[in-house]
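Derivation of every value follows stated rules applied to the coordinates shown; laboratory data play no part. These figures come from a predicted structure and were not determined experimentally. Cβ: placed from backbone, ideal geometry, glycine included. Neighbour counts: every protein chain shown.
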Amino acid sequence: MNRVLDHKWDLDKKEVIALQKTLAGGVIREDSFERLKYIVGVDVAYRNRDDIVSAAAVVLDVDTLDIIETKTINDIAKFPYIPGLFSLRELPPIINALEQLTITPDLLVCDGNGIAHPRRFGIACHLGILFDIPAIGCAKTRLTGEHSQVGPIRGDFVPLIDRDEVIGSVLRTQNEIDPVYVSPGHRVSLETTRKLILKLSPRYRLPETTRLSDRYARRALAEI
DNA sequence: GCGACAG
DNA sequence: ATCTTGTCGC
Ligand SMILES: [Mg+2]
């Protein structure tokens, strides 16, 4: 698969924020896709000792959740982790892994937020925009936004709100288990984002895409 | 200035 | 996210 857009990555904090504000204008928050058959989960594993990182892209069939294709790559971290600028650290290796895939996936699932971000441009938006492919984000903890308490049953959810705007959902994927924070990344609506994450999380708190990509990335890092 | 803060 | 020893359980 190939990018339809690219930009400089060697930027300082100030430049990244400016870039996010510019690219955020291109994010599409409504459903805009033909089909959602092949779903790809992406994640990165880190080794602090030498800053070597491994990224994995795992393609699943959305209906059976069977693994269709997987690719892993090794790289070096070139940007620190800064809340709000997460995509600059994690996206380079992820893009590298995605470009190794022979299949062009219909949906990108990120381990982090989409528009549930201070500038409405989390990692799922950034990745979705670069490939112009539908994307959604599923974070384990909150970055920004407020919400009321969510019900205890799988499927229960409450809106995540920031500055009078709904930016995502706090979704219970398993009964009695901590909820996740889901938000649109690109070309997917709030409702479809919830429906997809729920479908991808039939047995565990996190979607299979996130669980598998995390596992493959760590396995690759352990081998070098 | 203080507190918050995806992975 | 990673670091980090032993320890509990199947
Ligand atoms: Mg991760």
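Computed 3J(HN,Hα) for segment A:183-196, one whole-Hz value per residue from the Karplus formula 6.51 cos²θ - 1.76 cosθ + 1.60 where θ = phi - 60°, is 7, x, x, 6, 6, 9, 7, 4, 5, 5, 4, 4, 4, 5, glycine and proline marked x.
For segment A:162-224, a Kirkwood radius taken over Cα pairs fed into Stokes-Einstein (10 °C, viscosity 1.306 mPa s) yields D = 120 µm²/s.
Think of chain A as a dipole: +1 on every Lys or Arg Cβ, -1 on every Asp or Glu Cβ, centred on the Cα centre; then among A:TYR216, A:VAL42, A:VAL170, A:VAL170 lies furthest on the positive end.
Report for segment A:34-222 the percent antiparallel among DSSP-assigned beta bridges with both residues inside it, nearest 5. In segment A:34-222, DSSP labels about 85 percent of beta bridges as antiparallel. From the Kirkwood radius over Cα pairs of segment A:54-140, Stokes-Einstein at 37 °C and 0.692 mPa s returns a whole-number translational diffusion coefficient of 245 µm²/s. Close amide H contacts of A:GLY112 (hydrogens built in the peptide plane, cut-off under 5 Å, sequence separation of 5 or more or a different chain): A:CYS138, A:ALA139. Charges were assigned to the Cβ only: +1 to each Lys and Arg, -1 to each Asp and Glu. The resulting dipole of chain A about its Cα centre is roughly 340 debye. Dipole magnitude for segment A:117-224: about 320 debye, using +1 per Lys or Arg Cβ and -1 per Asp or Glu Cβ, origin at the Cα centre. Projected over all directions and averaged, the alpha-carbon convex hull of segment A:124-189 occupies 4.5 nm². Ignoring lysines fewer than eight residues from A:LYS140 along the same chain, the ones with Cα atoms less than 18 angstrom from its Cα are A:LYS195, A:LYS199.
Residues considered: A:ILE136, A:ILE94, A:ILE76. Largest GNM mean-square fluctuation over chain A, using C-alpha springs under 10 Å, is found at A:ILE76. Checking every one of the trypsin sites (Lys or Arg not before Pro) in segment A:17-94 against DSSP loop status and a limit of 15 other Cβ atoms within 10 Å picks out A:ARG35, A:LYS37, A:ARG49, A:LYS78. For A:LYS13, the aspartates and glutamates whose Cα comes closer than 20 Å to its Cα, not counting residues fewer than 8 places off in the same chain, are A:ASP51, A:GLU90.
Projected over every direction and averaged, the convex hull enclosing the alpha-carbon atoms of chain A yields 11.7 nm². This model, with +1 at the C-beta of Lys and Arg and -1 at the C-beta of Asp and Glu, gives segment A:14-100 a dipole about its Cα centre of some 460 debye. Here the convex hull built on the C-alpha positions of segment A:111-224 has a volume of 107 cubic angstrom per residue. Candidates A:ILE82, A:ILE115, A:ILE68 compared by Cα position along the dipole of segment A:34-222: farthest toward the positive end lies A:ILE82, with charges placed on Cβ.
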